[in-house]
Amino acid sequence: MPAGTRSLTDQDLRTALGQRTILVTGGAGFIGSAVCRLLRDLTACRIVNLDKLGYASSPAALEPLTREPRYAFEQTDLCDRAALADIFQRHRPDAVIHLAAESHVDRSIDGPQAFIMSNIVGTFNLLEACRAHMASLSEPAAFRLVHVSTDEVYGSLEDGGRFTEQSRYDPRSPYSASKAASDHLAAAWRHTFGVPTLITNCGNNYGPFQFPEKLIPTLIIRALKGQDLPIYGGGTNVRDWIHVEDHARALLGVLAFGSLGSKYLIGAEEQHRNLDLAHMICDLVDGMVPRNQASRSLITHVPDRPGHDHRYAIDSSKVRTEIGWAPQRSLAEGLESTVRWYIDHKDWWEDIFRSGRYGGERLGLNQRQVAGT
Ligand SMILES: NC(=O)c1ccc[n+]([C@@H]2O[C@H](COP(=O)([O-])OP(=O)(O)OC[C@H]3O[C@@H](n4cnc5c(N)ncnc54)[C@H](O)[C@@H]3O)[C@@H](O)[C@H]2O)c1
């Protein structure tokens, strides 16, 4: 597909990915499971899902795959190097899409160590496993590793400008610092050892099966329950939102057509203040589940997150021009289907609360912050 001449089609992906064996790390998580489902729906690839099954994993999101002969699940922690080597030897992947990570900023404030272990040590172990695996391949140059990262590595924007592939790294939370470190490892393993990595940095995802601790599910679920809707600070922080299925499609596009060693910023041009997003969600919930009290009246401003980045905005022209990718839905459309999904899948989120994996409490208040800092 010549760069910039046409848009990425399902057929392009099917043809380019053929019957490759693709190892998806973190495939039981929110975005990873969307990637596995898309690989199943669009391609003839073999899918190997490696996930430790942490608190945010959702086996239910993989239900459509479990009966597929071309799908395999490996419950493994990236910190277990011997298990990783064994998985590479048994499945012999042609490509890896690396999503496994601790992913919630607020949890990284309460307990950064897990982020260092999974996001940095885990990525190091994976890169080393890829390096050893490539040495055993007859065509190592065809191997690919797509390292999936976040726009948060670039820090916080003031009211103008957007992040580009040239933006300077400036992570500010333990989460974004650990992701930035993993991006640097992925780039270094390409330069030094020739591991064929591509790096993607994406904005805030939303959609089905997102764990209830994240902003959009929190607002939907609490509005449905008639509970107060906590908004950090004044709600003026701006995030660049993308539907998870649009992100998953971009990742397959980068795997199939990305230029080696490149990085791609992925965004849907949907930058909104948190307060405006909350209003959109309230109005959707009220439209679908009419009640006496307007959900907007439940909005409550709570103390801000420590070190809260003000604004993220992504310039995604490179992935659009080179790969031909574009999002397939607007935020208004994506939010409507997402609110509907949470209404229709009450059992899924109620089970998370019942199981004690998350109780709906506020996280990341930095209780142990040193006085005066
Ligand atoms: N959610 C977003 O808005 C967003 C935006 C941009 C980039 N990302 C990146 O995308 C990736 C996936 O994010 P998500 O929102 O799906 O996260 P998630 O928390 O829903 O899922 C992460 C999955 O990784 C697994 N995992 C974590 N540590 C592991 C380890 N050491 N070994 C094996 N498995 C492990 C977990 O069990 C979980 O199933 C992350 O790398 C994240 O940094 C997320």
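The values are calculated or read from the model by the stated rules, or taken from the named source; none is laboratory data. What you see is a predicted model; the values in this text were computed from it and never measured. Here Cβ is always computed from backbone atoms with ideal geometry, including for glycine, and neighbour counts include all displayed protein chains.
Couple of notes before you dig in:
- For Asp315, the requirement of being surrounded by fewer than 16 Cβ atoms within 10 Å (Cβ to Cβ) and either touching a residue at least 40 places away in the same chain (Cβ under 8 Å) or under 22 Å from the mean Cα position of the chain (by Cα) (or both) is not met.
- Scan of region 280-308 for residues that are over 27 Å from Ser176 (Cβ atoms) and either of a type in the set (Phe, Trp, Tyr) or not in a loop (DSSP other than H, G, I, E, B) (or both), ordered by number: Cys282, Asp283, Leu284, Val285, Asp286, Gly287, Met288, Ser295, Arg296, Ser297, Leu298
- Within region 100-117, tally of residues that are out of contact with any Gly (no Cβ under 8 Å at 6 or more places or on another chain) and part of a helix (DSSP H, G or I): 5
- Hey, Ser118 in contact with a Phe, Trp or Tyr (Cβ under 8 Å, 6 or more places away or on another chain), in contact (Cβ under 8 Å) with a residue 40 or more places away in the chain, within 11 Å of the ligand (Cβ to nearest atom) and under 30 Å from His308 (Cβ atoms) or not: no
- Matching option when the condition is on the phi < 0 side of the Ramachandran plot, touching a helix residue (DSSP H, G or I) at 6+ places or on another chain (Cβ under 9 Å) and surrounded by fewer than 23 Cβ atoms within 10 Å (Cβ to Cβ), among Asn125, Asn119: Asn125
- Segments classed as strands (runs of 3 or more DSSP E), wholly inside region 26-99, with at least 2 members that are surrounded by fewer than 21 Cβ atoms within 10 Å (Cβ to Cβ): 71-75
- With a requirement of 2 or more residues that are within 13 Å of the ligand (Cβ to nearest atom), the strands (runs of 3 or more DSSP E) lying completely within region 161-248 that satisfy it span 197-202, 204-206, 238-243.
- Within region 249-261, the set of residues being assigned to a loop (DSSP other than H, G, I, E, B) and out of contact with any strand residue (DSSP E or B) (no Cβ under 6 Å at 6 or more places or on another chain) comprises Ser259, Leu260, Gly261.
Let's see how each residue does on (1) more than 12 Å from the ligand (Cβ to nearest atom); (2) touching a residue at least 60 places away in the same chain (Cβ under 8 Å):
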position: Ser58; (1), (2): no, yes
position: Ala61; (1), (2): no, yes
position: Asp77; (1), (2): no, no
position: Ala83; (1), (2): no, no
position: Arg90; (1), (2): yes, no
position: Ala100; (1), (2): no, yes
position: Val105; (1), (2): no, yes
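- All conditions but one from (1) small (Gly, Ala, Ser); (2) within 11 Å of the ligand (Cβ to nearest atom); (3) over 16 Å from the mean Cα position of the chain (by Cα) apply to Gly29; the one that does not is (3).
- In region 195-248, residue farthest from Lys263 (Cα to Cα) [restricted to those that are among the basic types (Lys, Arg) and modelled with pLDDT of 95 or more]: Lys225
- Some residue of region 332-340 being within 20 Å of the chain's Cα centre (by Cα), outside any helix (DSSP H, G or I), surrounded by fewer than 13 Cβ atoms within 10 Å (Cβ to Cβ) and not small (Gly, Ala, Ser): no
- Matching residues in region 341-357 - criterion: being under 20 Å from the mean Cα position of the chain (by Cα) and either closer than 30 Å to Gln11 by Cα or surrounded by fewer than 16 Cβ atoms within 10 Å (Cβ to Cβ) (or both): Trp341, Arg357
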